[in-house]
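The values are calculated or read from the model by the stated rules, or taken from the named source; none is laboratory data. Everything quoted here is computed from the prediction, not taken from an experiment. No Cβ is skipped: glycine too gets one built from the backbone with ideal geometry, and neighbour counts run over all protein chains shown. The accessibility values were calculated without ligands, DNA or RNA, using every heavy atom of the protein model including side chains. Shrake-Rupley method; radii C 1.70, N 1.55, O 1.52, S 1.80 Å.
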Amino acid sequence: MKRILKKLIPKRILKIGNAFKKKLVTTYYKGNKVKCVICKSTYRLFRPYGIVSRKNALCINCGSLERHRLLWSYLHEATEIFSRDKNIDVLHIGPERFFYNAFDSAININYFPCDLFPERYNYCGQAKIEKVDITQIPYKDNTFDLIMCNHVLEHIPNDIAAIEELFRVMKPNGFGIFQVPINTKLKTTFEDFSIQSPEERTKAFGQHDHVRVYGLDYKNRLNSAGFKVVLDDYVKTFSKKIIFKLGFSPTEILYKCIKQV
């Protein structure tokens, strides 16, 4: 129904309506109890978000979620990625807009954003988003210092091939952050490729375009490709008060994957 309305209503009217709606929402959430570390906006709360609604999740201004804000803080505060003294090569699978903007504008970063469907992106930076199949990455061995691949692998039928490719193109001593949705109640990842329809996949995997639900054995899948996997509980360096204020998930563990020499 929404798609039909978008076709019927002129784009100019849609833009005016969306701007008015955003202004109303911004006014409703006006305050300074929470702050987005990415765009620096403040509100009395972040908006709820998710199929199973999560409180204090979505930034009204930049659209960041809990995992984005935590990873933004981690990259800026706990790594030297943005150090001007060190030039690095970065591969970014499925580039989120705020990370794209940060990497694209950093003078020390050679940035390679990519996606299987680059036409979906309308970013205005200098770095072109290339069409790349993550199971057949078209770059040489040992190319990248950092690889970002977050909430991508749950969409990939042959995730093992994808993980092996990520390992291949990473430089020795390089690292990647490979976040996925994880059900901590599952010891073993659940996947069933006989489940095909969007409705059945939503019921089984939580989203129509997911092909599995990762369990606690996700680390083993990463290890099998050769990565040393560090489960970084960076979020625990913050107090409960700050976790709430910055809109982090208190249970988010960062999967830092290192290619050791």
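Taking a quarter of the surface of the convex hull around the Cα atoms of region 136-188, what do you get in nm²?
4.2
Rounded, prolate or oblate: which fits region 69-150, taking a ≥ b ≥ c as square roots of the Cα gyration tensor eigenvalues, rounded meaning a/c under 1.5, else prolate when a/b beats b/c?
Judged from the Cα gyration tensor, region 69-150 comes out prolate (a/c at least 1.5, a/b above b/c).
Where in region 170-214 does the amide nitrogen come within less than 18 Å of the point 7 Å from the Cα of Lys228, taken along Cα to Cβ?
Residues 170-178 fall inside that zone.
Ignoring the sites themselves, what is the longest stretch of the chain with no trypsin sites (Lys or Arg not before Pro) in a DSSP loop and at most 13 other beta-carbon atoms within 10 Å?
Of all site-free stretches, the longest is 188-261.
Quick one: what does P(r) look like for the chain with 5 Å bins over all Cα pairs, in whole %?
Taking all Cα pairs of the chain, the binned fractions are 1, 5, 11, 14, 17, 18, 15, 10, 6, 2, 0, 0 percent.
Carbon and sulfur together cover what percent of the accessible area of the chain at a 1.4 Å probe radius?
So the carbon and sulfur contribution to the accessible surface is 54 percent.
Could you pull out every Cys in the chain that lacks a partner Cys with its beta carbon under 4.7 Å away?
Lone cysteines by the Cβ rule: Cys114, Cys124, Cys149, Cys257.
For the pair Ser249/Ser41, report the inter-label distance in nm, with labels modelled 7 Å from Cα in the Cβ direction.
For the pair Ser249/Ser41, the computed spacing is 2.1 nm.
Is there a quick way to get the dipole size of region 48-180? I mean about its Cα centre, with the Cβ of Lys and Arg at +1 and of Asp and Glu at -1; what is the value in debye to the nearest 20?
Rounded to the nearest 20 debye, it is 360 debye.
Find the centroid of the Cα atoms in region 68-131 and in region 192-261, then give the distance between the two in whole Å.
Region 68-131 and region 192-261 have Cα centres spaced 20 Å from each other.
Points 7 angstrom from Cα along the Cβ direction at Val261 and Asp209: gap in nanometres?
4.1
Sort all Cα-Cα distances of region 116-261 into consecutive 10 angstrom bins from zero, then give the percent of pairs in each bin up to the one containing the longest distance.
That works out to 10, 33, 35, 20, 1, in percent per bin.
To the nearest 0.05, how large is the calculated FRET efficiency for Lys131 and Thr184 if R₀ is 41 Å and r is the Cβ-Cβ distance?
0.75
At 1.4 Å probe size, with every protein chain present, just tell me what the per residue accessible area of the chain comes to in Å².
Computed with neighbouring chains in place, this is 59 Å² per residue.
Where Lys and Arg each count +1 and Asp and Glu each count -1, what net charge lies around Glu154 among other residues with Cβ under 12 Å from its Cβ?
Residues close to Glu154 contribute a combined charge of 0.
Quick one: ranking Val52, Val230, Val261 by accessible area, 1.4 Å probe, largest first, what do you get?
Val261, Val52, Val230
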